[in-house]
Ligand SMILES: Cc1ncc(COP(=O)(O)O)c(C=O)c1O
């Protein structure tokens with residue numbers, strides 16, 4: 001279970017929120033802010049997954065050209081052009097048959113995927129499942145939003161270890177029958193954050209089948225799908241292509257990592273038509289759709305592949321660099337996807353402190369991204385996460401400092 005750091009007896013506060021610990025970056029500030037970094041070195045922040053590569057110039061141009069639209073409330077369903085650009089991209093990228101994903105029925109835009117992933121728990125977690133409190137499954141370690149959403153929606157979060165021994169891919173089907181029967185929603189991420197493991201089509205196929213066997217919603221967070229080393233990671237919609245059945249499946253894609261526009265706040269969710277309708281309905285009540293100029297820029301980004309290819313090449317160069325500097329150390333491996341290094345340093349928190357106080361490099365302890373397992377251990381304890389988001393020269397400096405210090 002998540003450690004309790006917020007416990008309060010104020011009756012007006014939703015007690016479920018007591019289960020949420022401070023967010024990892026808050027915990028990192030608590031760990032490092034009291035400690036001064038060495039004054040002769042410039043601090044390098046490798047903790048946050050915020051891409052620093054350039055984004056295409058046309059983004060600014062389109063925002064400017066559409067600035068007269070900032071006065072309008074944007075539609076929650078996005079513009080037809082946006083939805084069509086997204087469907088064309090999905091069809092191209094995942095080789096989907098025409099018509100599997102319908103621009104009007106199967107797509108909803110979102111202002112970044114984080115809030116949308118969060119909101120999905122409110123759509124899909126009923127008050128009870130199998131006569132009990134519903135369960136939301138997620139990998140461990142996990143993107144923190146999943147746990148927050150599960151808790152806020154009244155479910156019990158159950159963390160399924162994604163560790164070196166299982167190739168960092170959680171075995172949801174190995175859970176006991178009672179837990180699976182209570183499962184209302186599964187969050188899964190491929191390529192994974194933080195370990196970068198990519199699920200193959202067999203894995204995704206089994207997961208879709210499991211979702212139908214136990215009647216839960218399957219959310220697959222594919223926001224790192226465009227940053228990969230070798231082959232392009234498969235997508236979950238490919239599994240649905242054979243049967244044409246999207247029921248119970250939602251996939252999430254974002255421009256934040258693909259196009260380096262985390263601040264633009266634009267992504268989409270695609271899948272089950274009924275869930276998409278409900279998702280849009282919840283947006284009408286409490287959502288915050290992207291402004292129309294943002295939809296226009298996002299449409300152009302989904303239509304363009306050149307910048308994505310160039311972006312991937314920049315990451316490849318940096319992973320080549322990391323391989324040269326770190327191979328044979330800290331259990332270094334080159335992740336199949338995503339932009340993080342997940343380094344086994346023995347004691348992630350101690351290494352984080354050491355890197356900050358001796359080398360002015362800020363990384364994230366792996367344990368801050370994972371929940372303790374039943375026996376009090378934490379599968380992230382031995383690790384640090386290093387975000388490879390800065391330009392080459394900065395990464396070269398940071399990786400050399402890591403190699404020298406640890
Ligand atoms: C696994 C994962 N999913 C989703 C997101 C959310 O991205 P955004 O809200 O920018 O689309 C992030 C951001 O770091 C992430 O790491």
- Taking N as the number of residues in the stretch 58-304, the ratio of its alpha carbon radius of gyration to 2.2 N^0.38 Å works out to 0.98
- Between residue 393 and residue 329, what is the label-to-label distance in nm when each label sits 7 Å out along the Cα-to-Cβ direction? 2.3 nm
- Item | Contour minus Cα-Cα distance for residue 213 and residue 22 (0.36 nm per residue) | 65.2 nm
- Projected label distance in nm at residue 72 and residue 317, using a 7 Å step from Cα toward the beta-carbon: 4.0 nm
- Query: When only C-alpha pairs under 8 Å and at least 6 residues apart count, what is the relative contact order of the stretch 294-406, in percent?
  - Reply: 27 percent
- Item | Label-point separation, residue 102 to residue 288 (7 Å along Cα→Cβ), nm | 3.2 nm
- Note on the structure: Out of 95, 57, 171, a Gaussian network model of the chain with alpha-carbon springs under 10 Å gives the largest mean-square fluctuation to 57
- Message: Please check: in the Gaussian network model of the chain (C-alpha springs, under 10 Å), which one of 252, 279, 330 has the largest mean-square fluctuation.
- Response: 330
- Which whole-number percent gives the relative contact order of the stretch 58-304, counting Cα pairs below 8 Å spaced six or more residues apart? 29 percent
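Roughly what % of DSSP beta bridges within the chain run antiparallel, to the nearest 5?
50 percent
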- Query: Antiparallel as a % of all DSSP beta bridges within the stretch 180-336, to the nearest 5?
  - Reply: 35 percent
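Every number in this text was worked out from the coordinates using simple rules, so none of it is lab data. Please read these numbers as outputs of a predicted model, since none were measured by experiment. Note that we place each Cβ from the backbone using ideal geometry, even for glycine, and neighbour counts take in every protein chain shown.
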